[in-house]
Each structure stands twice: as structure tokens, then as C-alpha cells.
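First the structure, in the form of C-alpha cells, and then the observations on it.
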């Protein structure tokens with residue numbers, strides 16, 4: 001796992017078709033999320049839910065902040 | 001939370017996993033777009049005026065005043081070479097119009113807000129503090145633009161808030 005900043009997020013989206021995953025609860029995702037992000041709350045991050053992600057592409061996870 | 005999510009994805013067999021540690025608070029605070037019920041349109045950054053005058057610390061006040069008169073603005077932001085706000089030339093300095101540098105004439109440390117600030121809260125603050133405008137900067141101090149109370153109130157009306 002690599003910790004990255006917003007510049008690297010933008011690069012991964014533009015150049016490597018990265019998939020954005022917000023891991024906060026659904027209500028927080030519905031309030032605001034990065035464009036194109038899908039929502040898989042951490043509590044639901046199981047084999048079934050991750051089937052919606054493509055394994056051959058980078059996955060970028062994020063929450064609200066680093067706290 | 002995101003480091004645990006990244007670790008979990010790796011346990012589930014994903015090989016290219018990245019953790020955007022600073023998260024959506026960072027994304028929005030740099031004025032990058034957000035979607036959702038509280039997305040970018042409800043934030044200060046979407047409603048700033050980007051044509052607010054700015055100058056360098058060494059610029060002379062009389063020249064700055066001439067430019068302000070031509071443009072109709074009554075304030076000017078003093079920026080360093082990276083666009084970081086050093087100070088603000090306000091009405092008092094403009095009235096005085098002494099032959100000094102912007103650095104000598106400016107007010108230090110003007111209050112600023114981030115692009116991700118929620119409009120409703122900003123408008124309440126501006127009304128409470130009787131502010132007609134507020135500069136919007138990124139977390140590293142670079143000027144994004146100027147949010148006027150009039151624009152912010154109009155935006156809230158359009159948004160139905």
C-alpha cells in the first residue's frame with residue numbers, strides 16, 4: 001500500500017484509470033465525494049462488495065482526512 | 001480509516017492499492033470538485049471572483065490606486081512570487097495614497113477561508129462580522145479569489161437554501 005497526495009491521485013486517474021473508493025458511511029458519501037468515486041464503507045469491505053472493482057486497475061481509497 | 005481499508009483490500013488480493021491519506025477534506029480545500037448533496041456548488045470556492053486585483057510587495061501604492069480606480073475595486077491583495085497572500089491593501093491605505101510600497105501599505109494577515117467552506121456558514125459569519133468580502137485561499141496560502149457577500153447570498157438563493 002502506498003500513501004499518496006492529491007497530485008498523485010490526479011495522475012493515477014488521468015493516466016492509469018484508477019478507481020476511487022470512499023470508505024466512509026453512505027450518508028457521508030452522499031453529502032460529498034470525489035467525482036467518480038464509489039462508496040464501499042469500511043464496515044462492508046468484504047469479498048462480495050469488492051467484486052465491483054476491477055483487479056487490474058489501481059484502487060485509491062480515501063476517507064475524510066488523516067485523523 | 002483509509003489505511004485500514006487499504007490493508008483490507010490488499011488482504012483481499014488487490015495489488016495496486018493507494019491510500020489518499022489527506023482525503024476529501026484536502027481535495028475540497030484546494031478547490032478541486034466534489035459531487036453530492038453538499039458538493040462544490042454549495043462551497044465558497046465555486047463562487048469566488050478570480051479577477052480581484054493583486055500586486056507584488058515592491059509595487060508602489062500610487063500605481064496600485066490608479067489600477068484600482070480603473071477597475072472599480074476597492075481592495076488589492078499583495079502576493080509573493082508563488083501567489084501566497086502576504087497582505088491586503090484596504091480602503092484606508094488607498095485613501096492615504098502615500099508614495100510607499102505595497103508591503104509598507106498593506107494590512108498583515110487578512111482573514112481567509114478555504115474553497116471548501118460551506119456557503120451557509122460563510123454568509124452567517126460575514127453578516128455577523130459585517131464583512132462585505134472574504135479572500136479564499138488554499139491551505140498553503142495561495143489566493144484562489146474573492147468571495148463577496150452579495151455573490152454568496154445570491155448563490156444561496158439560487159440553491160434554495
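Every number in this text was worked out from the coordinates using simple rules, so none of it is lab data. Just so it is clear, the model here is predicted, and its values are computed rather than measured. Don't worry about glycine lacking a Cβ; one is built from the backbone with ideal geometry, like all the others, and counts go over all protein chains shown.
What do you reckon, is residue B:15 under 29 Å from residue B:160 (Cβ atoms) and in a loop (DSSP other than H, G, I, E, B)?
On the way: under 29 Å from residue B:160 (Cβ atoms): no; in a loop (DSSP other than H, G, I, E, B): yes.
So residue B:15 does not fit the description; no.
Looking at A:12, A:45 in this structure, which one is surrounded by 18 or more Cβ atoms within 10 Å (Cβ to Cβ), more than 10 Å from the chain's Cα centre (by Cα) and over 18 Å from residue B:26 (Cβ atoms)? Write out each step before concluding.
Details: A:12 fails: over 18 Å from residue B:26 (Cβ atoms).
Of the residues listed, the single one that is surrounded by 18 or more Cβ atoms within 10 Å (Cβ to Cβ), more than 10 Å from the chain's Cα centre (by Cα) and over 18 Å from residue B:26 (Cβ atoms) is A:45.
Working only within segment B:1-58, note down all residues that are more than 8 Å from chain A (Cβ to nearest Cβ) and more than 25 Å from residue B:134 (Cβ to Cβ).
Kept after step one, since they are more than 8 Å from chain A (Cβ to nearest Cβ), are these residues of segment B:1-58: B:11, B:29, B:31, B:40-58.
Selection gives B:11, B:58.
Give me the strands (runs of 3 or more DSSP E) completely within chain A, filtered to those with at least 1 residues that are farther than 15 Å from residue B:35 by Cβ and more than 8 Å from chain B (Cβ to nearest Cβ), ordered by residue number. It would help to see each step written out before you state the result.
Numbers: elements: A:2-4, A:19-22, A:59-62.
Counting at least 1 such residues, we get A:19-22.
Any idea which of A:33, A:7 is more than 12 Å from the chain's Cα centre (by Cα) and free of Cβ contacts under 8 Å to residues at least 60 places away in the same chain? It would help to see each step written out before you state the result.
Details: A:33 fails: more than 12 Å from the chain's Cα centre (by Cα).
On inspection, the qualifying residue turns out to be A:7.
Which number in (1) closer than 16 Å to residue B:139 by Cβ; (2) in contact with a strand residue (DSSP E or B) (Cβ under 8 Å, 6 or more places away or on another chain) marks the one condition that residue B:32 misses?
(2)
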